[in-house]
Amino acid sequence: MDIIPPVATPPRSVFIAWTPFQRRQLSMAPLLGFEPVFMPLGQGPRPLRPLQYLHHALATLDFLRGRRPETIWVQLPQVPLLSAALWHRRWVDPKVRIIADCHNRILNPPWNRWPGLKAQLNACDAVVVHNRTVLPKVEALGIHPGLLRILEDPPALLRRVARSAAPYPKPWVLFLASFNPDEPIQELFAAARLAPDIHFVLAGESGRASGRHVLADPPPNVVLPGYLSGEALDTAILEADAVLALTKLEDAQLSSAAEAIGAGRPMVLSDTPVTREMYHQGGVFVDTYDPASIVRGCQTAIAEAGRLGAESQALREERYRRWWTQAAAIGDLLDLDRVPPDSAPVVV
């Protein structure tokens with residue numbers, strides 16, 4: 001279990017995720033004052049997953065008993081994490097507040113079919129979704145409208161590290177892969193074959209692709225560096241010629257786009273209603289299913305990097321102000337007593 005950052009006096013709120021990393025939590029932590037807690041699930045055999053959930057639930061309960069926070073954020077889709085938080089409130093601390101932060105995966109099969117999901121979400125103090133487009137799906141689950149809140153990702157705060165050379169041959173574009181089924185991995189391979197002069201860096205734990213994507217025999221200009229974290233991840237985002245934010249889902253907000261605008265980098269974006277509304281400048285929209293469209297988007301992003309980078313920086317300020325407006329709407333739950341800075345945090 002990783003607790004970031006180490007603290008001498010624990011904050012009143014914790015944000016627990018059963019993942020190794022999530023930029024959303026790290027970007028919001030200094031703004032809202034909670035403590036991100038990452039408890040990554042392994043990638044073991046699926047028949048053993050119930051035992052893994054039980055182990056993590058017990059570890060979560062042990063952590064909560066020791067910390068006794070006033071507010072618990074839980075990142076879904078892992079419903080057993082929410083179950084553990086609700087159990088803690090019932091049997092240990094009846095006054096604790098619980099906020100369910102709903103990643104899009106909780107709104108789609110198989111997670112949206114989890115037994116008792118509706119009752120557990122309705123037992124929370126707030127149910128937070130990441131964009132307005134998903135509200136019909138949440139309402140279809142039967143969630144009480146008074147619980148629903150929208151809180152998008154704020155622009156990411158990254159750390160620049162001095163380097164003597166670029167990490168990959170230029171020009172190169174970066175795709176931060178979780179290797180979930182909605183990601184266009186085969187389309188990216190095909191795009192790389194159409195554009196041998198561009199290096200496509202697909203960063204992520206390739207073991208997660210098993211049973212979902214075929215990574216064998218990638219084109220020579222595809223780089224699979226594995227999972228990046230910390231300085232290596234920030235450096236990749238800051239130095240890429242463009243960041244690819246691509247999905248086959250129509251209602252995903254794409255946290256990699258928030259990372260790109262945090263770095264002021266050009267974006268290549270899936271053309272969906274959500275991306276059109278949230279990232280209306282600083283990027284090139286493409287057809288996720290069409291490798292040729294992806295190539296054209298990459299070429300445009302590289303050729304017009306100066307203009308798109310400036311637009312991305314302007315969008316960072318706009319989205320930062322918008323995020324604070326959304327946070328203020330749930331300030332009663334967050335004990336929001338801080339004054340928003342005049343401008344978005346920049347690369348440090």
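The table below lists the values:
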quantity	calculated
Hits among lysines - C-alpha to C-alpha of Lys137 under 24 Å, sequence gap 8 or more where chains match	Lys118, Lys248
Ranking of Trp324, Trp91 by count of other Cβ atoms within 10 Å, fewest first	Trp91, Trp324
Order of Ile294, Ile99 under a 10 Å beta carbon neighbour criterion, fewest first	Ile99, Ile294
Pairwise centroid distance, computed over Cα atoms, of the stretch 190-225 with the stretch 236-283, Å	19
Cα gyration tensor of the stretch 82-218 - equivalent ellipsoid semi-axes, whole Å, descending	39, 19, 15
Rough spin-label spacing in nm, given labels placed 7 Å along Cα→Cβ, for Ala216 and Ala123	4.6
Relative contact order of the chain, pairs being alpha-carbon contacts under 8 Å that are 6 or more residues apart, as %	14
Size of charge dipole - the stretch 116-249 - debye, nearest 20, with Cβ of Lys, Arg +1 and Asp, Glu -1, no other charges	160
Spatial extent of the stretch 70-121: Rg and Dmax, with the Cα atoms as the point set, Å	11.1, 32
Selected from Asp197, Asp153, Asp241 as most flexible by GNM, with the chain as the system and alpha-carbon contacts under 10 Å	Asp197
For Asp287, Asp217, order by how many other beta-carbon atoms lie within 10 Å, fewest first	Asp217, Asp287
Dipole of the stretch 2-151, positive end: most advanced residue of Leu54, Pro145, Gln22 [Cβ charges, Cα centre]	Pro145
Test item: Cα-centred dipole of the stretch 172-313, Lys/Arg +1 and Asp/Glu -1 on Cβ, debye	140
Per-pair calculated FRET efficiency, R0 = 30 Å: His55 and Lys95 via Cβ, rounded to 0.05	0.65
Dipole magnitude of the chain, debye to nearest 20 (Cβ charges: Lys/Arg +1, Asp/Glu -1, about Cα centre)	860
Two-site FRET efficiency, Arg113 against Glu317, from Cβ-Cβ distance with R₀ of 30 Å, rounded to 0.05	0.15
Separation in nanometres of the label points that stand 7 Å from Cα toward Cβ, at Gln281 and Arg68	5.1
Kirkwood Rh, Cα atoms: Rg over Rh of the stretch 2-151	0.94
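Laboratory data are not the source of any read-out in this text; all were calculated from the coordinates shown. Values in this document were obtained by computation on a predicted structure and should not be read as measured data. Cβ coordinates were reconstructed from backbone atoms using ideal geometry, including for glycine residues, and neighbour counts include every protein chain displayed.
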